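The values are calculated or read from the model by the stated rules, or taken from the named source; none is laboratory data. As the structure is a prediction and not an experimental result, all values here were calculated from the model. Here the Cβ positions follow ideal geometry from the backbone for every residue, glycine too, while neighbour counts run over all protein chains shown. Keep in mind that these areas ignore ligands, DNA and RNA; they rest on the heavy atoms of the full protein, side chains included. Shrake-Rupley method; radii C 1.70, N 1.55, O 1.52, S 1.80 Å.
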Amino acid sequence: MSAPLLSVRGVHTYYGNIRALEGVDIEVHRGEIVALIGSNGAGKSTLMMTICGNPRARSGEIIFDGQNITNLPTHEIARLHIAQSPEGRRIFPRMSVLENLQMGSVVAGDAHFEEDLERVFTLFPRLKERIGQRGGTLSGGEQQMLAIARALMSRPRLLLLDEPSLGLAPLIVKQIFDAIRALNEREGLTVFIVEQNAYHALKLAHRGYVMVNGKITLSGPSKDLLTREEVRAAYLEGA
Ligand SMILES: Nc1ncnc2c1ncn2[C@@H]1O[C@H](COP(=O)(O)OP(=O)(O)O)[C@@H](O)[C@H]1O
Ligand SMILES: [Mg+2]
């Protein structure tokens, strides 16, 4: 098998003296959707943010496309076309939908702007209808679509999604997950998705990892994880 696009090796991350990640190993290959599931407080967001360089890994290595990015400044990591849709969306509330998307396109440059805009509007037609509206006035689902669209405007080679389903109605979650699946199938977009919503994430992903207290406890093909008793009991009860 070819070298992974992203490999996280033995990463430890701390907040002050508090250890949030304890020797995490993860690989994401080109064209894959990989899900990271785990309870609230497990360290999922910390891992995603550590990949982006803030907070920084105290030990271990993060390799992207053969390059050691462990100590790169966050803006240089973004320039490698690693795009993040963070937990809680974090769109710019006072800027319009179009302005938010322009912010996302900075890394990609101007050359493909119109084409990329059409692409995200095809994916999320609601955003086109809301093009002049301020981000902060959108519904939760629309804000999530905008956060993903903004990340896509950077022409990502790796798309990191942190809890895209959080707080959204099932129908909206389906629309968003269908869009991610379509991007992966049509364009081969590589996606690393973090979710408490384990069932949907594992249904979407090819492979998955389970995190407990800052450590990976289980990994494998998603369809295997979906049938594992310890996954069902801890994360899928009632799903
Ligand atoms: N900025 C922070 N300062 C101190 N501790 C934090 C901070 N962010 C997260 N933590 C702690 O790190 C652990 C992992 O949190 P997080 O990565 O947000 O988990 P998850 O995304 O899986 O819910 C938790 O114990 C959380 O309280
Ligand atoms: Mg989180």
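Tabulated data
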item: Structure-based [θ]222 nm, the chain - -39500 (n - 2.57) summed over DSSP H runs of at least 4, per residue, nearest 500; result: -9500 deg cm²/dmol
item: All lysines inside 19 Å of residue 223 as judged from Cα atoms, apart from same-chain residues fewer than 8 positions distant; result: 174, 203
item: Accessible area (Å², per residue) of segment 42-149, counting only protein heavy atoms and a probe of 1.4 Å; result: 47
item: Proximal aspartates and glutamates relative to residue 44, as straight alpha-carbon distance under 13 Å, when same-chain residues fewer than 8 apart are discounted; result: 22, 25, 87, 162, 163, 195
item: Percent accessible area from carbon and sulfur atoms, segment 90-156, protein chains only, probe 1.4 Å; result: 52
item: Electrostatic dipole magnitude of the chain [Cβ: Lys, Arg +1; Asp, Glu -1; Cα centre; debye, to 20]; result: 300
item: Relative contact order (%) - segment 1-129, alpha-carbon pairs under 8 angstrom, separation at least six; result: 21
item: Charge tally in the Cβ shell below 13 Å around residue 162, where Lys, Arg are +1 and Asp, Glu are -1, residue 162 excluded; result: 0
item: Distance in nm between pseudo-label sites at residue 218 and residue 106 (7 Å out along the Cβ direction from Cα); result: 4.1
